[in-house]
Amino acid sequence: MKRFAGLSLLMDLVSALGSGESSVIDKSTIYKYNLPIMKKQNTHWADSTAEKITRQKGEKEQYVCASGITPSGTVHIGNFREIISVELVVRALRDMGKDVRFIYSWDDYDVFRKVPKNMPQAELLETYLRKPITLVPDTRYSYSSYAEANEKELEQILPQVGVEPEYIYQAQRYRSAYYAEGIRTALEHRDRIREILDEHRTTPLPEDWWPVSVFSSFTDRDNTTVLDWDGQWGLTYRCEDTGREETVDLRDCAVAKLPWRVDWPMRWSHEGVDFEPAGKDHHSEGGSFDTARRLVKEVYGAEAPVTFQYDFVRIKGRGGKISSSSGEVVGLPEVLEIYQPEIVRFLFAGTRPNSEFAISFDLDVLKIYEDYDKCERIYFGVQEVGEKKRAKESRIYELSQVHDVPKTMPLQVPFRHLCNLLQIHSGDVDAVLGQYELNREQKERLGQRARCAWNWITRYSPEDFRFHLQGQDDPRVELDEKQRSVLRALKVEVEKLVEHDEESLGTAIYDIARDAEIEPKELFSTVYRILIGKEKGPRLAGFIFTVGREKVLRILERYV
């Protein structure tokens, strides 16, 4: 096969040239033919992780990357960090030309331990405590269960940010006895599992501990005690609520499951997981990842996946601690109301997973949009930076895209400017879009940014950032004759606005203040009061251009 690689490569190059592609040799071609490459500096953490996976796991037909969570409540943005971190590594592997299976496990056979705050029919939900969450009714929507409602909420929105894993529902697997072999293997190694877990416990597990839990077939609750195992498939337990005993066959029963610390390594082995990150709580010394690493090898005869630790995500600019079980959450839907999907990805792609960072809802939103736009300009060569910086920002930009990278640089309307336009037009997005000549794609993209901007203005922006243009129904500002003379002079300049640019208009405004023998600060205050009813506002010359000649003259004519 190797002697034909040169011909195949040549054909690929000819094809690329014929298609007019700007980059003749892309990453997948480099990896496909094992071409020598210079070691890149500032390799993105997702690329470094992908290379580590292939190095440690060797060449495989398919690599498996995994993530998952218990749908005990709304999946918050902190949980999303794991999902997007895995997806970024999946993309990096695929850029290397690798076939990747991206799985996301819903641990919906876990116990319903607590009713989240503000849930409808809380008293009804309390009657389902200690049952599997997949059996808890959905009291908010119309799904088959509380678990499914939380699952579908995330599944329906993830494609908006370019995340489309293969979903695995653990309740379905456990209730169909899919893991019967895995449970039996754990029972066979009961003593060794207890020894490993005890190494990191202050209180040893009791001698009668079993590496399996049972939901009573009489009550559906986990208030049960395992009594015996026959060494094959028969497991005997007692329901403590009813006092009844039952022997079930692991091969066809729907009530037995492994505890978390055993379940995790069993699934690593079963799915052949090559990569799965975990939060720093799981990565603590003696934590669940430590024990799972040993159990997967000593009990299930497999190797632990490559991993890294990710840190917490804070919320800045709105109250509440992130907690699914308490109901105090900020989920992906709330974040997408303020940030475009590409910028949500940018926040995570541009931050190393082991660094804590904040999702901001305060004035930092303006800077985050500016940072993304700068990254975009660097990628398209519009803004010049050093090669090292360009390589870093370009890779972040690539990974920030929901799907393919745009062929040409998208139209950029700065978020701050968009906020001003929207307030001038009282939130009318169509009126703002009407100021630009847009194709369909540009209109969709700018419309999305405008809606995010208006959401931010109305919900989170500080009061001194907000304004509305004064109209005929607003009370007139009381002015003295000197202030009126200043406005008359300004009106002259606005009438010939077409002759000005922002710089020359700014100079003219300062000249007006000088000729009137008043401080520029007083002039600005006067103009802002009549335009937006406030003492301060955006940079005046630029703001006048943004508002437009006709609107500014209409307001000035009320006073001169």
Simple SL model, points at 7 angstrom along Cα→Cβ for E463 and F357; separation in nm is 3.3 nm
Within the chain, the percent of DSSP beta bridges that are antiparallel, given to the nearest 5, stands at 45 percent
Ranked output for segments 123-131, 541-549 by mean other Cβ atoms within 10 Å, highest leading, reads 541-549, 123-131
Taking R0 as 25 Å and r as the Cβ-Cβ distance between E370 and K407, the FRET efficiency 1/(1 + (r/R0)^6), rounded to the nearest 0.05, comes to 0.60
By the Cα gyration tensor axes a ≥ b ≥ c (a/c under 1.5 gives rounded; else a/b larger than b/c gives prolate, otherwise oblate), the shape of region 481-556 is rounded
If W260, W456, W233 are placed from fewest to most neighbouring beta carbons inside 10 Å, the sequence is W260, W233, W456
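Placing unit charges on C-beta atoms (Lys and Arg positive, Asp and Glu negative, everything else neutral), compute the dipole magnitude of the chain about its Cα centre in debye, rounded to 20.
Using Cβ point charges on Lys, Arg, Asp and Glu, the chain gives about 1040 debye.
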Taking r as the C-beta separation of L497 and D311 and R0 as 41 Å, the FRET efficiency to the nearest 0.05 is 0.20
Rg from C-alpha atoms of region 180-257, normalised by the globular rule of thumb 2.2 N^0.38 Å, equals 1.11
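Which whole-number percentage describes the relative contact order of the chain, with Cα contacts under 8 Å and a sequence gap of 6 or more?
RCO, the chain: 12 percent.
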So, relative contact order of region 68-204 in percent, Cα under 8 Å, 6 or more apart, is 25 percent
Label model pair E195, Y167: point-to-point distance (7 angstrom along the Cα→beta-carbon line) in nm is 4.2 nm
With a Förster distance of 41 angstrom and the Cβ-Cβ distance between E441 and E517, calculated FRET efficiency to the nearest 0.05 equals 0.20
Quick shape check on region 389-509: root eigenvalues a ≥ b ≥ c of the Cα gyration tensor, a/c under 1.5 is rounded, otherwise prolate if a/b tops b/c, else oblate, and it reads prolate
Expressed in angstrom and ordered largest first, the alpha-carbon extents of the chain along the principal axes are 100, 72, 41
Cross-link reach from K297 to lysines, straight Cα distance under 19 Å and at least 8 residues apart if same chain, gives K57
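Would you kindly state how much longer the chain becomes between L227 and E240 on full extension, computed as 0.36 nm times their sequence separation minus their alpha carbon distance, in nm to one decimal?
Working: separation 13, 0.36 × 13 = 4.68 nm, distance 1.17 nm.
Difference between extended and current length: 3.5 nm.
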Too long for a 23 Å Cα-Cα cut-off, among K367/K536; K60/K389; K117/K152; K131/K280; K114/K257; K443/K491, are K60/K389; K131/K280; K443/K491
Zone reached by a paramagnetic label modelled 7 Å from R251 Cα along Cα→Cβ, restricted to region 170-185 with backbone N below 12 Å, covers 180-181
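Report the full-extension gain for the segment K52 to F218: residue separation times 0.36 nm, less the Cα-Cα distance, to one decimal in nm. Walk me through the numbers before you get to the answer.
Numbers: separation 166, 0.36 × 166 = 59.76 nm, distance 4.87 nm.
Extra length from K52 to F218 when fully extended: 54.9 nm.
Coordinate-derived values only; no laboratory data. Everything numeric in this text was worked out from a predicted model, so none of it was measured. Cβ atoms come from the backbone with ideal geometry, glycine included; neighbour counts cover every protein chain shown.
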